[in-house]
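Heads up: the structure comes next, in structure tokens.
The values are calculated or read from the model by the stated rules, or taken from the named source; none is laboratory data. A quick note: this is a predicted structure, and the numbers were derived from the prediction, not measured. Here Cβ is always computed from backbone atoms with ideal geometry, including for glycine, and neighbour counts include all displayed protein chains. Accessible surface is based on the protein model in full, side chains and every heavy atom, while ligands, DNA and RNA are left aside. Shrake-Rupley method; radii C 1.70, N 1.55, O 1.52, S 1.80 Å.
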Amino acid sequence: MDFFEVINNRYSYRGTFTDEKLSDEEISLILKSAIAAPSGMNIKTTSYIAITDEDIINKLGKIIKGNGTKTAPFVLVLLTEDKSGISSMNFEIENYSAACQNILLSVTALGCATVWTDGILRAKEINDAVRFLLNIPQNKTIRAVLPIGKPTKDGEPKEKKPIEELVVFNTY
Ligand SMILES: Cc1cc2nc3c(=O)[nH]c(=O)nc-3n(C[C@H](O)[C@H](O)[C@H](O)COP(=O)(O)O)c2cc1C
């Protein structure tokens, strides 16, 4: 897939995964693509928990219901930290979003699938349960869980809005 095919083939996958594991090289490519993302003032506010342990993934999947997390061979949890004390500006959300998109594209390029799972983490009891399971320090905000693997069935990229609906050229 060339770069633009990767962008256009990406879609959110909420189904189950095959039991095919990701290789160490694939995991490394995904992690490096996350770390390659830009960040405001080059201050790194995003950190990651890379989970390959089946037992932990199974427990996490029981907390994160509604997608295939339980069956994923690899799960990434994205965390952010407020470092606005250093710069007086907070770029936490922007930084993690840029990293997250790099991950989604790398996952697609590798023939795998995932979904940016965020909404369910906003429920306090779910967030607390994930924090407890993964022993996440209180100074880190849990932003997203990405279950990653080969999908058991093919998904389709969603139809996108036409450019004219969202873009104006030169002035509004
Ligand atoms: C910030 C953000 C949060 C999201 N949270 C969730 C989520 O909690 N659960 C989910 O199933 N999808 C989530 N998504 C995926 C969107 O629902 C999805 O991107 C959108 O429906 C468009 O579909 P596509 O990704 O297949 O193009 C999230 C996406 C973004 C960018």
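General observations
- When restricted to residues that are assigned to a helix (DSSP H, G or I) and within 6 Å of the ligand (Cβ to nearest atom), the range 110-124 contains 2.
- From 49, 56, 27, 86, residue being open to solvent by 20 Å² or more (accessible area, probe 1.4 Å), assigned to a strand (DSSP E or B) and more than 14 Å from the ligand (Cβ to nearest atom): 49
- Test for residue 81: is it acidic (Asp, Glu), in contact (Cβ under 8 Å) with a residue 12 or more places away in the chain and open to solvent by 30 Å² or more (accessible area, probe 1.4 Å): yes
- Only one of the numbered conditions (1) on the phi > 0 side of the Ramachandran plot; (2) small (Gly, Ala, Ser); (3) in contact with an Asp or Glu (Cβ under 8 Å, 6 or more places away or on another chain) is not met by residue 144, and that is (1).
- Among (1) in contact (Cβ under 8 Å) with a residue 12 or more places away in the chain; (2) surrounded by fewer than 17 Cβ atoms within 10 Å (Cβ to Cβ); (3) β-branched (Val, Ile, Thr); (4) outside any helix (DSSP H, G or I) - the single one residue 171 does not satisfy: (1)
- Only one entry of 147, 73, 38 meets the criterion of being modelled with pLDDT of 95 or more, under 18 Å from residue 18 (Cα atoms) and more than 16 Å from the ligand (Cβ to nearest atom), and that entry is 73.
- Filter pass, residue 44 being under 26 Å from residue 157 (Cβ atoms), open to solvent by 70 Å² or more (accessible area, probe 1.4 Å) and touching a residue at least 12 places away in the same chain (Cβ under 8 Å): no
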